[in-house]
Structures are given as C-alpha cells and as structure tokens.
Amino acid sequence: MSAPAETVSVTRIPFGESSAYGPVGRSPWLDIDWRAHQRWVDVAGNAVNTVEIGSGPPIVFIHGLSGCWPNWLEQMGALSASNRVIAMDLPGFGHSPMPAEPISMEGYARTLDGLLGELGVGPAALVGNSMGGLIAAETAISFPARVGRLVLVSAAGISTQRESMTSGRAFSAVMGLERTLATGGGFMASRSDALARHRRLREAGLGLIVAHPRDLSPSLASELIRGAGKPGFMPALRSMLGHDLRSRLGLIACPTLVVWGASDRAVPVRDGEVFTRLIPDAREVIFEDTGHLSMLERPAAFNALLGEFLG
C-alpha cells in the first residue's frame, strides 16, 4: 500500500454575492433530445439505463444516494463537445430496476466495471458524487485498469461509515432525508415540475443538499426531485454505512481531485481532507457558499475545474 500524502493540497474558491448560483445563461443540455442518447445495457443480467453522448476521451459520471443520471446534466451537455460522456442510473435508482443480487457498494463497482466493458471503455475519468464518489473510489481500488483519473465530489465513505456516523450530524442529515423520501418521495417525484416552480417548496425539498435551493433553476430542481423515492435507497444506505473505504484509500493509484462544498450539510467538509490525505496523488478544491451538489450549484466553475484537471 502506498504511503498517505504527508501534506494536503487544498484550494478554496470564493463566491461573492454577485457570483452566479446555478447555470450561467441557457444550459446546453436544455437543447439536447436525451431520448436519442439513451440505451439499455445488460450487465450480468441486470438492465442498466445508460445515457451516452459525444466523442473523445471518456468521462463517466456516477450519481449519489437518491440520485439519478440527470444529476450530471450540466456536465454532460457542456462537455460532450469534446468528450465521450456516459452516465447511468445505478440499479435500484432512476429507471434502472433493482438488481438480481443484494445491493452493495462492491456490487455497484462490479456493475460499473461490467458496464464499461460492454461499452468498450478503457481507462476513463470517473466522476462520482456522494455515494457515487464512494463507488468511484471502490472501482479505482478494485478495477484500477478502468480508471485513468478520479474525481470525488462530496464523497461518502468517511463520516458515512457506521461507527463514525451514527452519532454525528451526517447521520442525522441522511436519515432525515430518508424519512422525507419514505413518506413523500414518490409524491414529490410525480409532481416534480410543479414543486420545482415554487421557491419555498424547493427549499423544503432540497434544503438539505444545496446551499440556496430557492435560487436553483426550476429545471434543475425538477430533475433532482424526480430522482426521489426509489427502491434502492434503503439497501444502498445500509451497504454504504457498513462499507470500509478509509483503510484502502492508499491503494488508489491514479491522480485524484477532491471537490467539496464548504456549506455541505449532508457530508461534512472535513471528510475531504481525509480523502486528500489518504489518497497518494490527490488534491482538494473547496467551493465556498456551496452545498452537497457543487456540480449543479456552481456548474461553470465546476466544469472549468474538471476540464483543467482532465487536461
């Protein structure tokens, strides 16, 4: 195992009151017929809803708990001009049905490896948010030949491990989200467009995961709400809580970018320093005045950072 980094490289990006929150101008994804880019891919007997667009170096996006592939619309629309961008609904989320085997983080890494094999994708840049970051890191450890570069966006796996989480704020935040989804997730998802048009309702539904839900565009808010209430939530949460990632982070051998929102209320910003310290070739960027979804809250800055990191 490689020795952990002795120093942590951290850059903080401030956003003043005049800084844009959410998209700047009209987002490219609004003008794309995404149905033309959707396909079902059979991975070890599981049907995985997959969206692919563009050509060039591959970038693979992995959503988090209660998420779905549209969590990456701001990246896929903008980066498809120069990259082959791929996103999927993890089994049990979005439109992908529950898998035949019990949900586990290791199983999701195997699914990702199998999916990329079916698509003929070699070393790719993996970009994962929250639980998707944990899955991306697990894939980099278990299937290193698949991963050329790694981007962890408010990744789970440190405070979200059971023994450190059950008494912390992160656990309360995640379980609060679970209760909301269990009681009203399906209702919210079925009425996502109507809910997203009202600022107060956006704040009630998304206040845990973004810093300024009232200022998030209705189109993005609708996509976030639509991903709620899926059957994979609780099995994935249980697996995530029991998954040991910290002790194996030193096995990640590819360049890694850790991105966090300073106002993240779902997974604490201090976790980013742990990832950066334990992964040998890692650096961290913190977005001020940003929550758990920096790729949607600050898409222009996030995409520029991603483009710089991927070269």
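Has region 161-169 got at least one residue that is assigned to a helix (DSSP H, G or I), in contact with a Gly (Cβ under 6 Å, 6 or more places away or on another chain) and modelled with pLDDT of 95 or more?
Quick first cut of region 161-169, residues assigned to a helix (DSSP H, G or I) only: 162-165, 169.
Those left that are additionally in contact with a Gly (Cβ under 6 Å, 6 or more places away or on another chain): 162.
Pick out the ones that are also modelled with pLDDT of 95 or more and you get none.
No, every residue in region 161-169 fails to be assigned to a helix (DSSP H, G or I), in contact with a Gly (Cβ under 6 Å, 6 or more places away or on another chain) and modelled with pLDDT of 95 or more.
Considering only residues that are closer than 21 Å to LEU305 by Cβ and either more than 16 Å from the chain's Cα centre (by Cα) or crowded, with 24+ Cβ neighbours inside 10 Å (or both), which ones fall in region 141-156? Spell out how you get there, then give the answer.
Filtering region 141-156 down to residues closer than 21 Å to LEU305 by Cβ leaves 147-156.
Matches in region 141-156: VAL147, GLY148, LEU150, VAL151, LEU152, VAL153, SER154, ALA155, ALA156.
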Here the residues within region 17-70 that are free of Cβ contacts under 8 Å to residues at least 40 places away in the same chain and of a type in the set (Val, Ile, Thr) are VAL51, ILE53
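Quick check on region 205-216. Is at least one of its residues closer than 22 Å to TRP29 by Cβ and acidic (Asp, Glu)? Walk me through how you get there before you give the answer.
Residues of region 205-216 closer than 22 Å to TRP29 by Cβ: 205-206, 209-216.
From what is left, the residues that are acidic (Asp, Glu) are 215.
The answer is yes; a qualifying residue exists.
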- Evaluate the following for VAL51: is it in contact with a Ser or Thr (Cβ under 6 Å, 6 or more places away or on another chain), at pLDDT 95 or above, under 26 Å from ALA124 (Cβ atoms) and surrounded by 15 or more Cβ atoms within 10 Å (Cβ to Cβ)? no
query: Scanning for something of a type in the set (Asp, Glu), assigned to a loop (DSSP other than H, G, I, E, B) and at pLDDT 95 or above, does region 37-47 turn up at least one residue?
result: no
Expected output for region 117-146 (first residue under 14 Å from GLY107 (Cβ atoms) and without any contact (Cβ under 8 Å) to a residue 40 or more places away in the chain, partner buried (at least 24 other Cβ atoms within 10 Å of the Cβ) and of a type in the set (A, V, I, L, M), Cβ below 6 Å, 6+ apart or cross-chain) is THR139/LEU112
In region 237-264, residues that are over 23 Å from ARG146 (Cα atoms) and within 16 Å of the chain's Cα centre (by Cα) total 4
Those residues of region 243-283 which are small (Gly, Ala, Ser), more than 26 Å from LEU206 (Cα to Cα) and surrounded by fewer than 22 Cβ atoms within 10 Å (Cβ to Cβ) amount to SER247, GLY250, ALA253
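Here is a yes/no grid of residues against (1) at pLDDT 90 or above; (2) on the phi > 0 side of the Ramachandran plot:
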residue	(1), (2)
ALA211	yes, no
PRO218	no, no
LEU251	yes, no
LEU278	yes, no
ALA282	yes, no
ASP289	yes, yes
SER294	yes, no
ARG298	yes, no
LEU305	yes, no
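The values are calculated or read from the model by the stated rules, or taken from the named source; none is laboratory data. From a predicted model like this one, the values you see are computed outputs, not experimental measurements. Note that each Cβ is placed from the backbone with ideal geometry, even for glycine, and that neighbours are counted across all protein chains shown.
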